[in-house]
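Okay, structure first, notes after.
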Amino acid sequence: MLRVHFTGLDLARLRLAGDPDVLWETVLSLHRLRDKQGESIYGDWRTETRARLNSETRLLAPLVPPRGYFPDFLTPPEGALGLESGVQALRATPAERVHEELGRLSTVRTLPAWIRSLAEGDARAFGKLISALHAYHEAAIAPYWAHIQAQIEADRAVRGRALLDGGADALLSSLPPTMRWRAPVLEADYPVDRDLYLNGRGLLLVPSFFCRGNPVALQNPDLSPVLVYPARHASESTPPVATAPRSLGKLVGHTRSAVLGSIGGGCTTSELARRVGVSAASASQHAGVLREAGLVLTLRHGSAVLHTLTPLGAALLRGGHEVPVSGGRRRRSTAAPM
């Protein structure tokens with residue numbers, strides 16, 4: 001079990017990441033690629049991704065084993081700014097830290113020669129790592145980035161609603177069932193027994209599409225505390241690579257446009273009905289058409305449902321037609337203080 005110990009100052013410094021972190025998603029997706037869990041969510045993704053991959057998984061697998069520890073330097077905070085910023089920060093990791101973290105990995109398994117060279121600071125080995133990450137990302141993450149963003153945004157809407165309704169206590173209580181808020185300690189199912197003392201540094205919560213079951217924390221307690229947790233999934237299937245939806249032709253008329261524009265950062269069906277001035281049944285019907293068109297995601301929140309815009313829906317409102325580029329930023333992604 002993991003126990004995260006909060007002080008009053010830590011609760012004041014609790015933050016929720018503003019965007020999916022491209023390196024966390026890349027690394028955690030390696031777990032999903034090799035396990036058989038969540039077939040209804042990840043099954044199509046596994047099949048399509050394996051067809052695109054070459055030797056990337058074989059190269060990266062020793063760095064990210066199916067269970068247990070993987071080096072913290074693989075997921076620098078700059079990953080929230082996009083792939084290029086993340087890999088630049090990864091490349092800039094001090095040699096002493098790379099050596100130490102890979103040394104911890106080598107105590108439980110034999111590492112291939114190129115990773116041993118990486119531990120010794122070999123620039124060519126670092127280049128091999130960066131190339132493998134780029135290639136794996138292009139096969140496994142980039143084609144699905146719009147969907148990942150939409151799922152994370154929907155999860156953020158649920159957590160944000162909890163925060164508005166009841167503050168930091170409600171936010172921590174809203175986290176997945178594998179995590180339990182028993183003030184002042186957040187307990188989480190975890191492969192080892194561990195205590196993490198925040199000591200006034202606060203905590204960054206990072207929802208992740210590819211995190212499943214247990215949350216993930218950085219191993220080094222001296223790094224800025226991060227807790228990656230499984231985002232809620234709006235559906236039990238991963239859609240194909242984002243394209244212009246066939247049902248986009250249904251989007252005609254003033255009312256439906258008003259519904260799309262009124263969803264904003266997330267709202268329930270009853271709130272949507274009030275904003276647009278229609279009945280709850282009509283608001284639900286319009287939201288359903290928008291959902292079929294890939295413009296809206298819907299998550300259940302208690303006894304209500306919460307609607308949020310997908311990146312495609314937001315782009316349509318802006319008058320554009322582009323889906324956000326993989327690893328890019330739709331807005332300022334520095335985590336907003338709670």
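The values are calculated or read from the model by the stated rules, or taken from the named source; none is laboratory data. As the structure is a prediction and not an experimental result, all values here were calculated from the model. FYI the Cβ positions are ideal-geometry reconstructions off the backbone, even for glycines, and counts take in every protein chain you see. Note: areas computed on protein heavy atoms with side chains; ligands, DNA, RNA excluded. Shrake-Rupley method; radii C 1.70, N 1.55, O 1.52, S 1.80 Å.
Could you pull out every residue, at least 5 positions away or on a different chain, whose amide H is within less than 5 Å of the one on THR7? Hs are placed 1.01 Å off N in the peptide plane, and Pro or chain starts have none.
The list, which skips near neighbours in sequence, is ASN199, GLY200.
State the antiparallel share, in %, of DSSP beta bridges confined to the chain, rounding to the nearest 5. Intermediate values should be presented prior to the final figure.
Values: 20 of 32 bridges.
Of the beta bridges lying entirely in the chain, close to 60 percent run antiparallel.
Mean shadow of the chain, computed from the convex hull of its alpha carbons, in nm²? Walk me through the intermediate numbers first.
Values: hull surface 68.5 nm².
For the chain, averaging the hull's shadow over all directions gives 17.1 nm².
Please turn the phi angles of segment 163-180 into ³J(HN,Hα) values with the Karplus equation 6.51 cos²θ - 1.76 cosθ + 1.60 (θ = phi - 60°), one per residue in order, whole Hz, x for glycine and proline.
Once θ is set to phi - 60°, the couplings for segment 163-180 become 4, 5, 6, x, x, 4, 4, 5, 4, 5, 6, 7, 5, x, x, 6, 10, 10 Hz.
Working from Cα positions, state the angle (0 to 90°, nearest 10) between the long axis of helix 123-140 and the longest principal axis of the chain.
30
If you wrap a convex hull around the Cα atoms of segment 61-114, how much volume per residue is inside, in Å³? Don't skip to the answer; put the middle values down first.
Numbers: hull volume 5.0 nm³, N = 54.
So the per-residue Cα hull volume is 93 Å³.
Normalising by the residue count of segment 193-237, find the relative contact order in percent from Cα pairs under 8 Å and 6+ residues apart.
Working: 56 pairs, mean separation 18.7, N = 45.
Worked out over segment 193-237, it gives 42 percent.
Return the FRET efficiency for the residue pair GLU120, LEU9: r is the Cβ-Cβ distance, R0 is 45 Å, and the value is rounded to the nearest 0.05. Could you put the intermediate results ahead of the total?
Working: r = 41 Å, r/R0 = 0.90.
The formula returns an efficiency of 0.65 here.
Using a 10 angstrom cutoff on alpha carbons, build the Gaussian network for the chain and name the most mobile of HIS286, HIS254, HIS147.
Among HIS286, HIS254, HIS147, the largest GNM mean-square fluctuation belongs to HIS254.
At 0.36 nm per residue, and after removing the present C-alpha to C-alpha distance, how many nm does the segment from ARG34 to GLU48 gain when stretched out fully?
Working: separation 14, 0.36 × 14 = 5.04 nm, distance 1.35 nm.
Additional length available on full extension: 3.7 nm.
Which Cα, out of SER174, TYR136, LEU105, lies furthest along the positive dipole direction of segment 98-214 (beta carbon charges, K/R +1, D/E -1)?
The residue sitting most towards the positive pole is TYR136.
May I ask you to compute the full-extension gain from SER106 to LEU223, defined as 0.36 nm times their residue separation minus their alpha-carbon distance, rounded to one decimal in nm? Walk me through the numbers on the way to the answer.
On the way: separation 117, 0.36 × 117 = 42.12 nm, distance 2.13 nm.
Difference between extended and current length: 40.0 nm.
Considering only protein heavy atoms and a probe of 1.4 Å, how much of the accessible area of the chain is carbon and sulfur, as a whole percent?
On the way: 8110 of 15100 Å².
Ligands and nucleic acids excluded, carbon and sulfur give 54 percent.
Using packing as a proxy for protection, rank 152-163, 213-224 so that the peptide with the highest average count of other Cβ atoms within 10 Å comes first.
Numbers: 152-163: 21.8, 213-224: 15.8.
In decreasing order of mean packing, 152-163, 213-224 become 152-163, 213-224.
If you roll a 1.4 Å probe over the heavy atoms of the protein chains, what accessible area per residue do you get for the chain, in Å²?
Numbers: 15100 Å² over 338 residues.
Value returned for the chain: 45 Å² of accessible area per residue.
Taking amide H positions as placed 1.01 Å from N in the peptide plane, with prolines and chain starts having none, which residues 5 or more places from SER208, or on another chain, fall under 5 Å of its amide H?
HN-HN under 5 Å from SER208: TYR229, ALA231.
Given an 8 Å cut-off on Cα distances and at least 6 residues of separation, report the relative contact order of the chain as a percent. Before the final figure, lay out each step's value.
Numbers: 551 pairs, mean separation 96.9, N = 338.
Reported as a whole number, the value is 29 percent.
Under 5 Å between amide hydrogens, which residues at least 5 positions from LEU203 or on another chain qualify, with H placed 1.01 Å from N in the peptide plane?
LEU14, ARG15
In whole Hz and in residue order, list the ³J(HN,Hα) couplings for segment 254-260 that follow from phi through the Karplus curve 6.51 cos²θ - 1.76 cosθ + 1.60, θ = phi - 60°; x for Gly and Pro.
5, 5, 5, 5, 5, 4, 4
I want to verify a result. In a Gaussian network model of the chain, Cα cutoff 10 Å, which of these has the top mean-square fluctuation: GLY79, GLY266, GLY121?
GLY121
Just ALA231, ALA273, ALA150 to compare: in a GNM of the chain, with alpha carbon springs under 10 Å, which one fluctuates most?
Evaluated over the chain, the most mobile residue of the options is ALA273.
If you keep only loop residues by DSSP, which trypsin sites (Lys or Arg not before Pro) in segment 36-117 have at most 14 other Cβ atoms within 10 Å of their Cβ? Don't skip to the end; give the middle numbers.
Values: sites: LYS36, ARG46, ARG50, ARG52, ARG58, ARG67, ARG91, ARG97, ARG104, ARG109, ARG116; in loops: LYS36, ARG67, ARG109.
Here the trypsin sites (Lys or Arg not before Pro) that fit, given the DSSP loop and packing criteria, are LYS36, ARG67, ARG109.
I want the local charge near LEU198. Using Cβ-Cβ distances under 13 Å, sum +1 for each Lys or Arg and -1 for each Asp or Glu among the other residues.
+1
What are the ³J(HN,Hα) values, in whole Hz, obtained from phi via the Karplus relation 6.51 cos²θ - 1.76 cosθ + 1.60 with θ = phi - 60°, for each residue of segment 76-89 in sequence order, with x given for Gly and Pro?
x, x, 5, x, 5, 8, x, 5, 5, 4, x, 6, 5, 5
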